[in-house]
Amino acid sequence: MEFDIIIKNGTLITLEGGIKSGKDINLGIKENWDIGIRNGKIEVVAPGIKDSARKIISANGKIVTPGFIDPHTHLIFAGNRVDEFGMRLKGASYMEIREKGGGIKKTVQNTKNASSEELYQSAKQRIETMLKWGVTTVEIKSGYGLELGTEMKMLNVVKKLKEEGYNVIPTFLGAHDIPEGWKKDTYIEHILSVMMPEIAGKKLAAFCDVFCEKDVFNPNDAMRILQRGKAYGLIPKIHADEITSSGGAEVSGEVQAISAEHLIYPSDNGLKMMAENGVIAVLLPGTSFFLNESIPPIEKFRNHNIPIAIGSDFNPGSSPIISLPLIMGIAAIKYKLYPEEIIAGVTINAAYALNIQDKKGSIETGKDADLLILKYKDYREILYWLGENPVEKEMLGGRIK
Ligand code: NIG
Ligand code: FE
């Protein structure tokens, strides 16, 4: 048999065997193994592959991982929020700025005014940058439109990027805030009866998300929106307990969401409900770091065996940090997550959080050949050389980038 490519003598971090949770995560490391790749897929994972290949790449004992998966971003937006950053540096809080009409509302205005082409160009550039940092699959949320036209404009940009071969996964986040001049209940009604049918009907989103937070959408609102989304075939996700303990973790359990995200202040009952319903915790250490806020109760997730995924939350307000490896380092230092949890968090567990575990997230036969050869021989170096790009070579669908 002839392969397209063989990667030889890697220290493979395979992440084989499904979703990971608990205190003792096994990364499935294989030292000095090879990977045979054909038609964009991983065909053989074994030591000493003897077959021929059109191209042989020697990893020389360096780490080979699945491409990183970023399961939570808001990367389509126009403008920036550097003025607010300046205000925060002088003591204003994220929610105070929001109350004064800044925050998400400012980006909504900018995004409404931007053309599709502008949004497309900036999103593409951001995805290319992420790719250089090892991210081969990215979830992207809408939510800077808060009206049908702009939400569709954002989701159509994701569609276009997907058609061009990028691994992008769209989430409808119409319930990101309450638009200027609207009453909350009227807007929710509008989401349910106008936005959702159109967006789900055109298959522009795979997931539905809600910002469940004090003074934004409460748990009842979130339940209503996510239930209806489910009826339209949109898998529920939720921004839960990010700034205050607001009942989001409970909602994620009740609606059987695929994931609850942020989770700085989940209640004990919320965690129990997440565990009982198989909800994945998507943690966003870049946001805690950038807003200088608290951290989630990591030990409780471990005790409940709740699987942890890690994302960038890349957005102009709370996490303009485009480097997932930097965020992985922050996860180690600020969240005190173990290196094994962090690596599983940006690979196999992130794949589960996006329902793409059959294709991505591990080095196993039949999966897409999205792979990274890193600069290091010890995977802890990804966290240790904080701020350095760990990627030596990356492969997307069997093609070297
Ligand atoms: O995940 N919390 C809501 N959404 C984003 C922030 C978006 C923004 O500030 O523009 C988040 O932190
Ligand atoms: Fe977010």
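The values are calculated or read from the model by the stated rules, or taken from the named source; none is laboratory data. Keep in mind the model is a prediction, meaning the values are calculated, not measured. All Cβ positions, even for glycine, are placed from backbone atoms using ideal geometry, and neighbour counts span all protein chains on display. For accessibility, only protein heavy atoms count, side chains too; no ligands or nucleic acids. Shrake-Rupley method; radii C 1.70, N 1.55, O 1.52, S 1.80 Å.
Here are the numbers for this structure:
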read-out: Some residue of region 334-346 being among the hydrophobic types (A, V, I, L, M, F, W, C) and within 16 Å of ligand 1 (Cβ to nearest atom); value: no
read-out: Counted residues, region 166-203 - those being over 18 Å from the mean Cα position of the chain (by Cα) and either part of a loop (DSSP other than H, G, I, E, B) or of a type in the set (Val, Ile, Thr) (or both); value: 14
read-out: Matching option when the condition is open to solvent by 30 Å² or more (accessible area, probe 1.4 Å) and among the aliphatic types (A, V, I, L, M), among Leu372, Leu386; value: Leu386
read-out: Region 163-216 - residue that is touching a Pro at 6+ places or on another chain (Cβ under 8 Å), over 25 Å from Gly102 (Cα atoms) and not aromatic (Phe, Trp, Tyr) and, of those, farthest from ligand 2 (Cβ to nearest atom); value: Leu204
read-out: Every pair of residues 6+ apart whose Cβ atoms lie under 7 Å, when the first sits in region 284-309 and is closer than 20 Å to Gly270 by Cα while the second is surrounded by fewer than 23 Cβ atoms within 10 Å (Cβ to Cβ) and modelled with pLDDT under 95; value: Arg302/Gly22; Arg302/Lys23; Asn305/Gly22
read-out: Filter result for the condition that a residue is under 15 Å from Leu75 (Cα atoms) and either open to solvent by less than 50 Å² (accessible area, probe 1.4 Å) or not assigned by TED's automatic domain parsing to the domain that holds Ile322 (or both), over Leu148, Leu161; value: Leu161
read-out: Leading residue by the ranking (surrounded by the fewest Cβ atoms within 10 Å (Cβ to Cβ)) among those in region 211-250 that are free of Cβ contacts under 8 Å to residues at least 40 places away in the same chain and of a type in the set (Val, Ile, Thr); value: Thr244
read-out: Residue match in region 10-31 (condition: under 30 Å from Val157 (Cα atoms) and open to solvent by 10 Å² or more (accessible area, probe 1.4 Å)); value: no
read-out: Which listed residue, of Ile310, Ile356, is within 16 Å of ligand 2 (Cβ to nearest atom) and either under 17 Å from the mean Cα position of the chain (by Cα) or open to solvent by less than 10 Å² (accessible area, probe 1.4 Å) (or both); value: Ile310
read-out: Tabulated pairs, region 265-279, first open to solvent by 10 Å² or more (accessible area, probe 1.4 Å), second assigned to a loop (DSSP other than H, G, I, E, B), C-beta under 6 angstrom, 6+ apart or interchain; value: Tyr265/Asp241; Tyr265/Ser245; Pro266/Asp241; Ser267/Ser245; Ala275/His304; Ala275/Ile306; Asn277/Gln256
read-out: Output for region 228-251, where each listed residue is in contact with a helix residue (DSSP H, G or I) (Cβ under 6 Å, 6 or more places away or on another chain) and assigned to a helix (DSSP H, G or I); value: Arg228, Ala249, Glu250, Val251
